[in-house]
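Below is one structure, written out as C-alpha cells; the observations come after it.
The values are calculated or read from the model by the stated rules, or taken from the named source; none is laboratory data. None of the values given here were measured: they were computed from a predicted structure. Don't worry about glycine lacking a Cβ; one is built from the backbone with ideal geometry, like all the others, and counts go over all protein chains shown.
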Amino acid sequence: MKLFIAALGTETNTFSPLPTGRQNFDETLYHRHDGGAQSEHYFAQPLRIWREMALAHGDEVVESLCAFAQPGGRTRQSVWETLRDSVLADLRHAGEVQYVLLKLHGAMAADACDDCELELVLAVRDLVGPEVTIGVELDLHCHLSPRLAAAANLIVLYKEYPHTDVNERAVELFTYGRLAAMGEIRPLMALRDCRMLGVWRTSDAPVRELVDWMTAAERRDNVLSLGFCHGFPWADVPNVGAQALVLVDGDPSLADALVDELAGRILALRERYQPALLTIDEAMALLPTLAGLSVVADIADNAGGGAASDATWLLRGMLAAGTPGALFGAVWDPVAVRICMEAGEGARLPLRLGGKVGPQSGQPLDLAVTVLRVVENATVTFGAGRQPMGDAALLDVDGLHIVINSIRTQVFHPDAYTQFGIRLADYRAVVVKSAQHFYAGFAPVADRVIYVAAPGTVSPDFTSLALPRAGRPLWPQVSDPFSAGVAP
C-alpha cells in the first residue's frame with residue numbers, strides 16, 4: 001500500500017496583535033519532503049513515526065510538507081494558500097494512494113478562512129475520492145465540526161495537557177488508519193458540542209480522572225478512541241469551544257451512547273473544576289512566605305497561546321516588590337538581545353525591555369542590567385524534541401535574573417534556563433511565560449506550582465471574550481448555554 005503524510009499547523013489567537021506570516025513558519029518549522037527525518041520539533045515527530053511504521057509493514061511512503069508556526073494572529077491568506085497548495089500538489093504527484101495521515105493542529109485560521117484544517121481535509125478528500133482512508137491527528141486545543149468528522153475517516157486527539165502524548169496518539173492513528181485502509185475495521189465517529197470555554201489541566205485531579213476514564217473506556221469492545229476537545233477559547237471562529245469525540249469500529253449505536261456519556265462527564269467539569277489563579281498582588285504577597293522553590297506561571301503572556309511573550313505586568317510587580325533570588329523568563333525582545341550581545345558578557349548598561357508589541361504587553365521597563373551570559377542559537381526541550389529560542393541572554397537586575405530571547409517561544413523545560421550554566425535550586429522563585437506545557441519538566445523539581453493571571457493576550461477571563469462568530473451561547477459567558485432551546 002501507499003501512504004501519503006503531511007504536517008501543517010499553527011494555533012490562531014484572533015485577539016493576538018501578531019500576524020502570522022511566512023517568516024514565522026520558516027523560523028519555527030518548515031521542511032518539504034523530509035521534515036520527519038530532519039526536525040526535532042514535536043510537530044514533526046508523527047511524520048517520522050508514520051514513516052517508520054509504514055516501512056516496517058512494507059508500505060511505500062510519500063512525505064509532503066512539514067510546517068508549523070508559533071501561535072499568533074491569523075495567518076496571511078497568501079501564506080495559507082501557498083502552504084495548502086504545496087500539500088495538494090504533492091498529493092496529486094503521488095498518484096494513487098491507499099491512506100492519508102495528516103498531522104494538523106485544529107485551530108488554524110487565515111485572513112479569509114476560519115477553519116484551515118477543514119478546508120485542507122475537504123480538498124484532500126476531493127483529490128483522493130471516497131474510498132481512500134484519511135486520518136487526522138489534532139491538538140486537543142482544536143475546533144471540531146461535523147463537516148470535518150464527515151470528511152475524515154478517523155480523528156485522534158491528544159489526551160494530555162501538557163501534551164506529553166503526541167507520539168502515542170500518532171502510533172494510535174497509524175494503527176487504526178492502516179487497518180481501515182485494509183478493510184479490517186470500519187471506523188465511525190460521533191461528536192457532541194459541549195458549549196464550554198475553559199482551560200483544563202490534565203495534571204489536576206478532576207481532569208485527570210476524566211482522562212483516566214477515557215483511557216479505560218477505550219478497552220471496551222469495538223471502542224477505538226475517545227477525545228476531549230478542550231477547544232481554544234481565544235478564537236472568534238465557528239465551533240470554538242469544548243466538544244466530545246468518539247471513534248468506534250462499525251457500531252453507530254455504541255458511538256452515540258458513548259459520546260453522550262463522555263459529553264456528560266465533560267459538562268460535569270463546570271461544577272467540579274475551577275483552576276486556581278492568583279492576581280499579581282496576591283502572588284507577590286505569598287512568595288516571600290514560602291520555603292523551597294516556587295514555579296510561577298505567567299499564563300496570560302504565553303507565546304504558545306499567541307501572546308507576544310514581552311508583557312511586563314508581572315515583571316514590573318516583581319521589581320516593585322523586590323524579589324532577589326528569583327528568575328524570570330523568557331521575555332521575547334530581539335532588540336534587547338541584540339544590544340546585550342553587542343555589549344558582551346559582564347557588561348553593565350541601561351536597557352529598555354519588553355512592552356513593545358502593543359497595549360496587551362504593558363509599558364516597557366527601563367532597567368540597569370548586567371549581562372551575565374549570552375547563548376547563541378539557544379533551544380528548549382519539548383517532549384522528545386527541541387524548539388528554537390534564538391539568541392538569548394541572562395540578565396541581572398539587583399539580584400533578579402531575567403532571560404530574554406530573540407525567537408518567540410514559551411518556556412517548556414528547565415533547560416531553557418540551565419543552558420546558561422545556572423541551577424534552579426539556587427532560586428526561591430522561577431517565573432515561566434507558559435500556561436501549562438512547562439508543568440511536565442518543572443513540577444518534578446518544584447515544591448509548588450503557582451498560576452498567576454496577569455493582563456495579557458491569553459487572559460483567562462472567558463466572560464470578556466467577544467465571540468460573535470461562535471454562533472451559539474457558551475459557558476461561562478452564559479450560565480446555561482443550552483437554555484436557548486437549540487439541541488446540543
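Please verify whether segment 474-487 includes one or more residues that are without any contact (Cβ under 8 Å) to a residue 24 or more places away in the chain, in a loop (DSSP other than H, G, I, E, B), acidic (Asp, Glu) and outside the structural domain of Asp115 (by TED's automatic domain parsing). Please lay out each step first, then the result.
Kept after step one, since they are without any contact (Cβ under 8 Å) to a residue 24 or more places away in the chain, are these residues of segment 474-487: 478-480, 483-487.
Still in the list and also in a loop (DSSP other than H, G, I, E, B): 478-480, 483-487.
Going one step further and asking which of them are acidic (Asp, Glu), we end up with 480.
If we keep only those that are outside the structural domain of Asp115 (by TED's automatic domain parsing) too, we end up with 480.
Within segment 474-487 (the criterion being without any contact (Cβ under 8 Å) to a residue 24 or more places away in the chain, in a loop (DSSP other than H, G, I, E, B), acidic (Asp, Glu) and outside the structural domain of Asp115 (by TED's automatic domain parsing)), the answer is yes, since at least one residue qualifies.
Taking the options Leu258, Leu287, name whichever one is assigned by TED's automatic domain parsing to the domain that holds Leu226 and either more than 25 Å from Ala425 (Cβ to Cβ) or assigned to a helix (DSSP H, G or I) (or both).
It is Leu258.
Could you say whether any residue in segment 16-30 is assigned by TED's automatic domain parsing to the domain that holds Leu144 and at positive phi?
Checking segment 16-30: not a single residue is assigned by TED's automatic domain parsing to the domain that holds Leu144 and at positive phi.
So, in segment 427-441, of the ones that are of a type outside the set (Gly, Ala, Ser) and buried (at least 22 other Cβ atoms within 10 Å of the Cβ), which residue ends up farthest from the chain's Cα centre (by Cα)?
Val430
Please enumerate the residues belonging to segment 265-305 that are among the polar types (S, T, N, Q) and free of Cβ contacts under 8 Å to residues at least 40 places away in the same chain.
Within segment 265-305, Gln274, Thr289 meet the criteria.
I'd like to check something: does segment 480-487 contain any residue that is closer than 28 Å to Gly358 by Cβ, more than 20 Å from the chain's Cα centre (by Cα), surrounded by 15 or more Cβ atoms within 10 Å (Cβ to Cβ) and not hydroxyl-bearing (Ser, Thr, Tyr)?
no
How about segment 84-185: which strands (runs of 3 or more DSSP E) wholly inside it have at least 3 residues that are free of Cβ contacts under 8 Å to residues at least 12 places away in the same chain?
It comes to none.
From the list Glu160, Glu137, pick out the single residue that is surrounded by fewer than 22 Cβ atoms within 10 Å (Cβ to Cβ), assigned by TED's automatic domain parsing to the domain that holds Thr215 and of a type in the set (D, E, K, R).
Result: Glu160 is the single residue among Glu160, Glu137 that is surrounded by fewer than 22 Cβ atoms within 10 Å (Cβ to Cβ), assigned by TED's automatic domain parsing to the domain that holds Thr215 and of a type in the set (D, E, K, R).
Cβ contacts < 6 Å: first residue farther than 21 Å from Cys340 by Cβ, restricted to segment 353-365; second residue among the small types (Gly, Ala, Ser) and in a loop (DSSP other than H, G, I, E, B), any location; separation 6+ or different chain. Result?
If the second residue must be among the small types (Gly, Ala, Ser) and in a loop (DSSP other than H, G, I, E, B), the pairs left are Gln360/Gly456.
Quick check: anything in segment 306-323 in contact (Cβ under 8 Å) with a residue 40 or more places away in the chain, under 19 Å from the mean Cα position of the chain (by Cα) and under 30 Å from Val246 (Cβ atoms)?
Yes, there is a match, as at least one residue in segment 306-323 is in contact (Cβ under 8 Å) with a residue 40 or more places away in the chain, under 19 Å from the mean Cα position of the chain (by Cα) and under 30 Å from Val246 (Cβ atoms).
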